[in-house]
Amino acid sequence: MSHEAHEPETPHLDFQGTTPYEDYVKADVLTHLQHTLSDDPGEMVFLVTTQVMELWFTVIVHEWETAAQALRRDDVPTALDALRRSRRELEALNASWRPLAGLTPAQFNSYRSALGEGSGFQSAMYRRMEFLLGDKSASMLVPHRGAPRVHAELEKALHEPGLYDEVLRFLARRGHPVPKDVLERDVSRKYEPSREVEEIWTAVYAGDERDEVARLGEALTDVAELVWRWRNDHLVATRRAMGSKTGTGGSAGVAWLEKRAQKSVFPELWTARSYV
């Protein structure tokens with residue numbers, strides 16, 4: 001037997017038309033979506049980073065919708081898998097702030113005018129994320145009235161139960177005393193904390209940590225923590241780049257972000273810990 005080393009065979013490179021990789025990934029489409037509007041070379045990283053964030057929003061929405069659908073079927077393992085994947089995806093999303101975190105006011109101002117009326121506040125996919133987290137408001141559909149498909153998707157999401165609604169319905173089916181007014185609430189409105197739900201989570205956390213419901217609670221808490229970190233990283237990056245000035249698109253900028261950063265996602269999962 002020959003011990004002579006052999007070069008690996010060259011992969012097949014001759015394709016008719018586009019490559020299978022391109023057919024699947026659509027890389028040529030993705031890498032030609034960057035159309036900067038200023039002469040500043042720093043605008044490219046701002047634009048690409050924002051586009052990358054939109055892609056992460058899309059996959060996280062997919063994961064949370066997968067988890068919600070699984071909970072409707074009482075399929076906790078599938079829901080947990082989706083939530084755990086979303087935790088890693090949220091970590092990647094949050095890391096997207098790093099290329100922008102050191103922007104000085106002068107650097108941001110060099111291409112800020114190119115944004116015009118544009119603002120991350122107007123992101124439809126981010127709005128779907130917030131709706132799934134229970135932070136709903138019909139007024140958030142208004143900026144999208146001119147885009148029928150996007151508006152229809154957001155309106156559908158507004159009137160569907162959020163992720164936490166499905167969690168609470170699942171808890172009720174497991175015999176936990178979720179109040180009727182919580183189960184039958186208008187899901188198109190913002191979720192408000194419930195003392196009775198807090199007591200349910202207190203009992204869950206006082207019990208066996210290996211229990212399926214306790215593990216679900218921790219997976220949700222991981223998500224909530226990373227969403228909070230996202231909001232704070234957004235706040236810090238914005239404060240560093242523009243101080244307390246009015247945000248792009250006429251938004252309240254830092255003042256609005258500070259308010260958002262103070263809010264907890266899945267609130268009873270946090271407050272219940274004080275009573276365990």
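The values are calculated or read from the model by the stated rules, or taken from the named source; none is laboratory data. Note that the coordinates shown come from a computational prediction; the quantities given were computed from them, not determined experimentally. Because the Cβ atoms are built from the backbone with ideal geometry, glycine has one as well, and the counts that use them run over all protein chains shown. Remember, those area values only see protein heavy atoms, side chains included, never the ligands or the DNA or RNA. Shrake-Rupley method; radii C 1.70, N 1.55, O 1.52, S 1.80 Å.
Listing for the model above:
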| quantity | calculated |
| --- | --- |
| Failed item, numbered, when residue 108 is tested on (1) in a helix (DSSP H, G or I); (2) within 22 Å of the chain's Cα centre (by Cα) | (2) |
| Condition met for residue 73 (over 13 Å from the mean Cα position of the chain (by Cα), touching a residue at least 12 places away in the same chain (Cβ under 8 Å) and over 19 Å from residue 119 (Cα atoms)) | no |
| Residue in the stretch 57-72 that is open to solvent by less than 20 Å² (accessible area, probe 1.4 Å) and closer than 25 Å to residue 239 by Cβ present | yes |
| Complete set of residues in the stretch 195-225 that are in contact with a Ser or Thr (Cβ under 8 Å, 6 or more places away or on another chain) and surrounded by 20 or more Cβ atoms within 10 Å (Cβ to Cβ) | 223 |
| Identity of the residue in the stretch 251-270, open to solvent by 60 Å² or more (accessible area, probe 1.4 Å) and either assigned to a helix (DSSP H, G or I) or touching a His at 6+ places or on another chain (Cβ under 7 Å) (or both), that ends up modelled with the lowest pLDDT | 256 |
| Odd one out for residue 200, checked against (1) in contact with a His (Cβ under 7 Å, 6 or more places away or on another chain); (2) within 23 Å of residue 66 (Cα to Cα) | (2) |
| Condition broken by residue 36, with the remaining ones in (1) more than 22 Å from the chain's Cα centre (by Cα); (2) buried (at least 16 other Cβ atoms within 10 Å of the Cβ); (3) hydroxyl-bearing (Ser, Thr, Tyr) satisfied | (2) |
| Verdict on residue 66 being free of Cβ contacts under 8 Å to residues at least 24 places away in the same chain, in a helix (DSSP H, G or I) and either basic (Lys, Arg) or closer than 26 Å to residue 223 by Cα (or both) | yes |
| Any hit, the stretch 12-21, residues being in a helix (DSSP H, G or I) and open to solvent by less than 40 Å² (accessible area, probe 1.4 Å) | no |
| Yes/no for residue 131 being free of Cβ contacts under 8 Å to residues at least 40 places away in the same chain and open to solvent by less than 10 Å² (accessible area, probe 1.4 Å) | yes |
| Residues located in the stretch 29-45, provided they are closer than 14 Å to residue 116 by Cβ and in contact (Cβ under 8 Å) with a residue 24 or more places away in the chain | 36, 37, 38, 43 |
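Table: residues versus (1) among the aliphatic types (A, V, I, L, M); (2) in a helix (DSSP H, G or I); (3) touching a residue at least 12 places away in the same chain (Cβ under 8 Å).
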| site | (1), (2), (3) |
| --- | --- |
| 146 | no, no, no |
| 150 | yes, yes, yes |
| 157 | yes, yes, yes |
| 190 | no, no, yes |
| 199 | no, yes, yes |
| 202 | no, yes, yes |
| 209 | no, no, no |
| 229 | no, yes, yes |
| 240 | no, yes, yes |
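Every residue, every condition in (1) of a type in the set (A, V, I, L, M, F, W, C); (2) within 30 Å of residue 80 (Cβ to Cβ); (3) open to solvent by 20 Å² or more (accessible area, probe 1.4 Å), yes or no:
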position: 99; (1), (2), (3): no, no, yes
position: 102; (1), (2), (3): no, no, yes
position: 109; (1), (2), (3): no, no, yes
position: 114; (1), (2), (3): yes, no, yes
position: 123; (1), (2), (3): no, yes, no
position: 145; (1), (2), (3): no, no, yes
position: 160; (1), (2), (3): no, yes, yes
position: 163; (1), (2), (3): yes, yes, no
position: 167; (1), (2), (3): yes, yes, no
